[in-house]
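The values are calculated or read from the model by the stated rules, or taken from the named source; none is laboratory data. If you're wondering where the values come from, they're calculated on a predicted model, not measured in any experiment. Glycine also receives a Cβ, built like all others from the backbone with ideal geometry; neighbour counts cover every protein chain displayed. With ligands, DNA and RNA removed, areas are computed over all heavy atoms of the protein, side chains included. Shrake-Rupley method; radii C 1.70, N 1.55, O 1.52, S 1.80 Å.
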Amino acid sequence: MSQITEIAPDVFKITTFISEENIQFNQFLVRDEEPLLYHTGMKGLFPTVKEAVGKLIDPTTIRWIGFSHFEADECGALREWQKIASDATAICSIVSKMVSVDDVVAERPARALEDGEVFVTGRFRFKFLQTPHVPHAWDAGHLFEENSGTLLCSDLFHQNGDGESVTNSDIVSRFKEMLIEYQKGPFANYLPFTTKTEQILSRLADLKPKTIAPMHGSTYVGDGEYAIYDLAQAMKDVLAGSG
Ligand SMILES: [Fe+2]
Ligand SMILES: [Fe+2]
């Protein structure tokens, strides 16, 4: 069973906690003239995510499916969604479309966004930022919803455990704990820290998000600019020089 929380008006977080892995997988549904689902989750999550979406809108009316980068928890169930929603189209970076998505997982060609492009679904306006290797993967990008100030931030701010849905408290310390824990095992160097990481993160901070919506863990409502600089410092502390 997935849990639904409205994190901003008509922006819903759908959370499934996988206890064996001690991790939440979050998808975000934006209810608008052209409904957008951000992250599909893996194929195995499709039935529960579809059921949750069905409590908010008719799942067959999903028009856009966005994600940061090509990975199972980002877009693994894209084809399953496209089979039930005949107009559903992936929206992603040019690199994602050309290098992986159209060939591997899409039922129909994706729409690629250029860096800085604004994409409108009705009342909501999304700015796309191309962010190679942030959080990770060459094709990574971020969508920022300008009206509500919501940053859909994928694996940035990843927190393990079954935390609260939304919080005003610091989430960076939990993110840092996750990084330290992952450095000790097979998930080491989950997020790279490169010569460009801080510059890319400061572009995200300049958006001054009011809501930070990660794929794993709690959504944070507060000073997003400060939180992103804090996150950059945590990444530097744990990851710089580690790989
Ligand atoms: Fe990822
Ligand atoms: Fe992820």
*Of these, Val134, Val95, which one is farther than 22 Å from Tyr229 by Cα, among the β-branched types (Val, Ile, Thr) and either part of a helix (DSSP H, G or I) or open to solvent by less than 30 Å² (accessible area, probe 1.4 Å) (or both)?*
Val95
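Each row is one residue, and each column tells you yes or no for (1) among the charged types (D, E, K, R); (2) within 14 Å of ligand 1 (Cβ to nearest atom).
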residue	(1), (2)
Ser93	no, yes
Lys97	yes, no
Ser100	no, yes
Ala110	no, no
Glu117	yes, no
Arg125	yes, no
Val166	no, no
Val172	no, no
Lys184	yes, no
*Mind checking which strands (runs of 3 or more DSSP E) fall wholly inside the stretch 1-79 and carry at least 1 residues that are within 14 Å of ligand 2 (Cβ to nearest atom), within 13 Å of the chain's Cα centre (by Cα) and of a type in the set (Lys, Arg)?*
none
*Considering only residues of the stretch 137-160 that are open to solvent by 10 Å² or more (accessible area, probe 1.4 Å) and assigned to a loop (DSSP other than H, G, I, E, B), which is farthest from ligand 1 (Cβ to nearest atom)?*
Asn147
*Under the condition of being touching a residue at least 60 places away in the same chain (Cβ under 8 Å) and either farther than 18 Å from Ser68 by Cβ or within 15 Å of ligand 2 (Cβ to nearest atom) (or both), which residue from the stretch 213-227 is surrounded by the fewest Cβ atoms within 10 Å (Cβ to Cβ)?*
Val221
_Test: Arg31 is touching a strand residue (DSSP E or B) at 6+ places or on another chain (Cβ under 9 Å), over 22 Å from Ile212 (Cβ atoms), charged (D, E, K, R) and open to solvent by 60 Å² or more (accessible area, probe 1.4 Å)_ = no
